Amino acid sequence: MIDFLAVVLMLLLFADCLLKFGINITSRFSLLSKVVHEGSSTLITNDINWMDDNNDFIQNGGGGKISYIEGLWFWVGCKPHFREDANSAGIFLYQSSNLGSDSWQFVQKVHAFQEGQYGGKNCQIHHHPKFGTIHILCKNRQFFMSNSGVNGNYTLLPQPHDPSNLRHWHFGGSSTFQEGNNMYYIVSRCDKSNGKCVRSTRSLFIYKLNERWTDFALTSLSLDTKVDISNYRTSNKIISWTWPGREAPFIFDRNGFYYLAASETAGWKQSKTWYRRAASMDRLANATDIEVEMHPANSKKVKSMGSQFRFFIKVGEGKWLFGGSRYPVEDPTDYDSKFGRYILSPVSFVQDIPNVYWKKTSDWVDYDYKSGDYDDHSPPIKEYNSIIASCSIQF
């Protein structure tokens, strides 16, 4: 009997070890996952795949953001449509009470992609203070709304028209910024009239949404498609400037200043993170780009902790986290499936400059954000032939 229990314990520990390497064997070892998700851990562990309470991979790809609504953390992600798993593609919503990487619970599949459909990238969920509605705002003007709370049914709204009326201009990476009852849609755009993004035209646009967050506040402008975008200024409804070499923009506020952060254009690869800071959103247009400080410092092999920047989020007084995504599932490599689709690392503002500290494992509640403590971050191993040898099982 003792030998039998020892074998069972060894199998459970081995299953946990395999999960850390991204191997899903949930049909055999669901008990281990249930035990983990019933806890209240505030630990964040990087370089592994995160699983939900159903022991499925958390579909937090596509540059999804984290929001805090009524005492819970919410994360919206997507799984692209592939022919071999068409039924599973869509937009997914998760929640957590403590933000620990092993604490995310599946809420619902907000939207299912039909064959040939795509979307759901860069999504973020928001609560409208005035009207009480819940909104999920995504890339390429894909807006969803629920009138029955976070767990309610979401309606895909009609796609808003291009407020700048710029033909052939691509809607690239985007994010949203909420300021009370006001909502802003931040997006990187470029001229793709020839099929490819013209680097010199890549520009940052900040659009204000209407009162109910269902459309842009200004639906169209009389602009020639050949407008010199570098000189383009209009009312307080739209702010824009040329911003070559930047993508995945994100705005947050801190101590009365607006920060605009973005990743350096690098395709589906890790890249440096930049930011600019100003006392108002329109002044961001003339602010100076400054590189975000990474610890360990960026190198040729590791940039932004091996990720592409997605967001900064305040999780407590003096407590901030950096969110970065790994190569998406469309990438021919398996980097994200082996080492996790997202990383979350502590952030400290040193003389107002964001400093990010790599931690393999950290407790975001107890971590000393003034300590400057960080771990070494060598590139993840490339060989996976010795999984068993890499797992230390002790009794």
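Could you say whether any residue in the range 356-364 is touching a Gly at 6+ places or on another chain (Cβ under 8 Å) and either among the acidic types (Asp, Glu) or under 19 Å from Ile251 (Cβ atoms) (or both)?
The answer is no; no qualifying residue exists.
Which condition number does Asn165 fail, the rest of (1) polar (S, T, N, Q); (2) at pLDDT below 95; (3) buried (at least 20 other Cβ atoms within 10 Å of the Cβ) being met?
Asn165 satisfies all of (1) polar (S, T, N, Q); (2) at pLDDT below 95; (3) buried (at least 20 other Cβ atoms within 10 Å of the Cβ) except (3).
For the range 195-205, check the following and say yes or no: at least one residue is in contact with a Leu (Cβ under 6 Å, 6 or more places away or on another chain) and crowded, with 20+ Cβ neighbours inside 10 Å. Step through it out loud before you land on a result.
Pass one, the range 195-205, residues in contact with a Leu (Cβ under 6 Å, 6 or more places away or on another chain): none.
So far as the range 195-205 goes, no, none of its residues is in contact with a Leu (Cβ under 6 Å, 6 or more places away or on another chain) and crowded, with 20+ Cβ neighbours inside 10 Å.
Going by what's in this entry, would Thr225 be described as at pLDDT below 90, surrounded by fewer than 20 Cβ atoms within 10 Å (Cβ to Cβ), in a loop (DSSP other than H, G, I, E, B) and out of contact with any Lys or Arg (no Cβ under 9 Å at 6 or more places or on another chain)? Steps first, please.
Values: at pLDDT below 90: yes; surrounded by fewer than 20 Cβ atoms within 10 Å (Cβ to Cβ): yes; in a loop (DSSP other than H, G, I, E, B): yes; out of contact with any Lys or Arg (no Cβ under 9 Å at 6 or more places or on another chain): no.
No, not satisfied.
Suppose the filter is in a strand (DSSP E or B), touching a Ser or Thr at 6+ places or on another chain (Cβ under 9 Å) and small (Gly, Ala, Ser); does Ser271 pass it?
Details: in a strand (DSSP E or B): no; touching a Ser or Thr at 6+ places or on another chain (Cβ under 9 Å): yes; small (Gly, Ala, Ser): yes.
For Ser271, the condition - in a strand (DSSP E or B), touching a Ser or Thr at 6+ places or on another chain (Cβ under 9 Å) and small (Gly, Ala, Ser) - is not met.
Looking at (1) in contact with a Gly (Cβ under 6 Å, 6 or more places away or on another chain); (2) surrounded by fewer than 23 Cβ atoms within 10 Å (Cβ to Cβ); (3) modelled with pLDDT of 95 or more; (4) among the β-branched types (Val, Ile, Thr), which one does Val76 not meet, given that it meets all the others?
Here Val76 clears every test but (2).
Give me a count of the residues in the range 172-194 that are without any contact (Cβ under 8 Å) to a residue 40 or more places away in the chain, surrounded by fewer than 18 Cβ atoms within 10 Å (Cβ to Cβ) and not in a loop (DSSP other than H, G, I, E, B). Walk me through how you get there before you give the answer.
Initially, the range 172-194 is screened for residues without any contact (Cβ under 8 Å) to a residue 40 or more places away in the chain, giving 182, 189-194.
Then drop every residue that is not surrounded by fewer than 18 Cβ atoms within 10 Å (Cβ to Cβ), which leaves 182, 192-194.
Among the residues that remain, those that are also not in a loop (DSSP other than H, G, I, E, B) are: 182.
Looking only at that region, the number is 1.
Given the condition free of Cβ contacts under 8 Å to residues at least 40 places away in the same chain and among the polar types (S, T, N, Q), answer yes or no: does some residue in the range 112-127 qualify? Lay out the reasoning, then the answer.
Applying the first criterion (free of Cβ contacts under 8 Å to residues at least 40 places away in the same chain) to the range 112-127 yields 112-118.
Checking which are among the polar types (S, T, N, Q) leaves us with 114, 117.
Yes, some residue in the range 112-127 is free of Cβ contacts under 8 Å to residues at least 40 places away in the same chain and among the polar types (S, T, N, Q).
Only residues that are loosely packed, with under 15 Cβ neighbours inside 10 Å, at pLDDT 95 or above and at negative phi: list them for the range 110-144, please.
Of everything in the range 110-144, those that are loosely packed, with under 15 Cβ neighbours inside 10 Å, at pLDDT 95 or above and at negative phi turn out to be Pro129, Lys130, Phe131.
Pairs, please: C-beta under 8 Å, at least 6 apart or cross-chain, first residue at pLDDT 85 or above and part of a strand (DSSP E or B) and in the range 232-244, second surrounded by fewer than 18 Cβ atoms within 10 Å (Cβ to Cβ) and acidic (Asp, Glu)?
Qualifying pairs under 8 Å: Ile239/Asp282.
Is there a residue being touching a Gly at 6+ places or on another chain (Cβ under 6 Å), at pLDDT 95 or above, among the hydrophobic types (A, V, I, L, M, F, W, C) and crowded, with 16+ Cβ neighbours inside 10 Å anywhere in the range 279-296?
Applying the first criterion (touching a Gly at 6+ places or on another chain (Cβ under 6 Å)) to the range 279-296 yields none.
The answer is no; no qualifying residue exists.
The values are calculated or read from the model by the stated rules, or taken from the named source; none is laboratory data. Here the structure is a predicted model, which is why all the values come from computation and not from measurement. Neighbour counts run over all protein chains shown; Cβ positions are idealised from the backbone, glycine included.
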